[in-house]
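Novice: Below you will find the structure I want to go over with you.
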Amino acid sequence: MNKISIIDGIMRDFVERTGLEGEGKKSQRYLWTDAFAVCNFLELFQQTGEEYYLKKALDLVDEVHHILGRHREDDRRSGWISGLDEQEGAVHPCIGGLRIGKRLNERKETEAYDEYLEWEQDGQYFHYLTKWMHALSRVTQVTGNQRYNRWAIELAKAAHLKFSYTLQGHAEKRLYWKMSIDLSRPLVSSMGQHDALDAFITYHELATTAANDRERSEEVCLSTEIVEALSMCHNMHWLTDDPLGIGGLLSDACRATQLIANGSLEEEEMLLKMLHAAKEGLEAFLHVETLSSPREFRLAFRELGLSIGLAAIQKIRRKIQENPDRFVDTERFYLLLDELNPYLHLHEAVNNFWLAPENQKNTLWRDHSDINSVMLATSFAPDAYLNVFREKRVTDD
């Protein structure tokens, strides 16, 4: 099985299907999917050295900013959602956040909340924004161009300012789950289970990448946001039996491991807590036997999120082995990673199941074909997504 050919085929179909290439085609952008897609193009570029893939990654970044960084065509408002003029908006495309890219416009203030309809309505999700921050940081790591990471930091500061709030009588802040397109009001007030964790690790990633930015200024410092995100993490419980959530935990653990190994982060106990929650979550998930259900009742992208996270386990072990002086108690990590080993086979099982054409011939796959296919490609070669730093390859000079 040639993984590069599989990913190339998936991503070329994605380019065609979503209008990223070709005259006269309307570009269909969705922030979560596009964040994974950027990483996939970077992976193909690093694996092959072909400039086409790097160009597609940069083209996609540009399209996301010029579509999801602006108001919808069916909105009475126009221009950049930040409120900046055309010229300044192009210089700072993320400073007002980025739309999700949902099918319907956001719920109006006068409209009643409908739990089911809300899933189809636009706005901004915090956990989508952190995915895009990570994608932009990865572009900087691969290209050496700090402009992308600066955009990510501007996005981080804007999102943290607008999504975070303090409950009356409580000291630590919380994060809204969904905000309006212009970040002026919450649309869903509940807090995502892993949003603060995503914020803490992603902010650290951006700050570490920015350390090599000779043109950085105090305006792009994330120290306050990092402290507040860490405070939000203290009382959070990360255990979940949702496969996408478990995969996200493992992916975050992989990024945290790299940051600790690099000397950029000192949160060993937090990392152990993440791995322990992932292990317990896997036990609970397999007890439900979702992977034995008919394909018509399975959401591929949620399972593929788990598969991507499972690919991180061996990378975590390798980073600890390569940097034992950065970890106080390596034995605790090895014991916990050994307990995760029995689940590694699920990575290949999930990938092969959803790669099979017959398993893509159902309504659930077709309804989510973009996110399903892009995350399938990520799962086959996840390095560009899981990495924080650019790893030297044999093809590098």
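The values are calculated or read from the model by the stated rules, or taken from the named source; none is laboratory data. Just so it is clear, the structure is predicted and the values come from calculations on it, not from any experiment. Neighbour counts run over all protein chains shown; Cβ positions are idealised from the backbone, glycine included. Calculation scope for accessible area: heavy atoms of the full protein, side chains included, ligands and nucleic acids excluded. Shrake-Rupley method; radii C 1.70, N 1.55, O 1.52, S 1.80 Å.
Novice: Restricting to segment 290-340, count the residues that are among the basic types (Lys, Arg) and open to solvent by less than 60 Å² (accessible area, probe 1.4 Å).
Specialist: So the answer is 4.
Novice: Any residue in segment 322-339 that's more than 16 Å from Ala277 (Cβ to Cβ) and β-branched (Val, Ile, Thr): show its pairings with residues that are at pLDDT 95 or above and open to solvent by 50 Å² or more (accessible area, probe 1.4 Å) at Cβ separation under 7 Å, as long as the two are six or more apart or on different chains.
Specialist: Thr330/Pro324
Novice: Suppose we filter segment 196-213 for residues that are closer than 17 Å to Leu244 by Cβ and open to solvent by 10 Å² or more (accessible area, probe 1.4 Å); how many remain?
Specialist: Here the count works out to 1.
Novice: Could you look through segment 261-289, keep only residues that are closer than 14 Å to Phe333 by Cβ and within 20 Å of the chain's Cα centre (by Cα), and pick out the one that is surrounded by the fewest Cβ atoms within 10 Å (Cβ to Cβ)?
Specialist: Checked segment 261-289; the qualifying residue surrounded by the fewest Cβ atoms within 10 Å (Cβ to Cβ) is Met270.
Novice: Ala159 passes all but one of (1) open to solvent by 10 Å² or more (accessible area, probe 1.4 Å); (2) in contact with a Ser or Thr (Cβ under 9 Å, 6 or more places away or on another chain); which number fails?
Specialist: Failing condition for Ala159: (1).
Novice: As an exercise: evaluate Gln141 against (1) in contact (Cβ under 8 Å) with a residue 40 or more places away in the chain; (2) within 19 Å of Trp177 (Cβ to Cβ); (3) not small (Gly, Ala, Ser) and give the number of the one condition it does not meet.
Specialist: Gln141 satisfies all of (1) in contact (Cβ under 8 Å) with a residue 40 or more places away in the chain; (2) within 19 Å of Trp177 (Cβ to Cβ); (3) not small (Gly, Ala, Ser) except (2).
Novice: Within segment 360-386, can you find the residues that are surrounded by 24 or more Cβ atoms within 10 Å (Cβ to Cβ) and in a loop (DSSP other than H, G, I, E, B)?
Specialist: Pro382
Novice: Quick one: which of Leu104, Leu129, Leu117 is within 14 Å of Leu31 (Cβ to Cβ) and surrounded by 12 or more Cβ atoms within 10 Å (Cβ to Cβ)?
Specialist: Going through Leu104, Leu129, Leu117 in turn, just one is within 14 Å of Leu31 (Cβ to Cβ) and surrounded by 12 or more Cβ atoms within 10 Å (Cβ to Cβ): Leu129.
Novice: Say we look at segment 29-51 and pick out the residues that are assigned to a loop (DSSP other than H, G, I, E, B) and within 13 Å of Ile100 (Cβ to Cβ); which of these is nearest to the chain's Cα centre (by Cα)?
Specialist: Among them, the one singled out is Tyr30.
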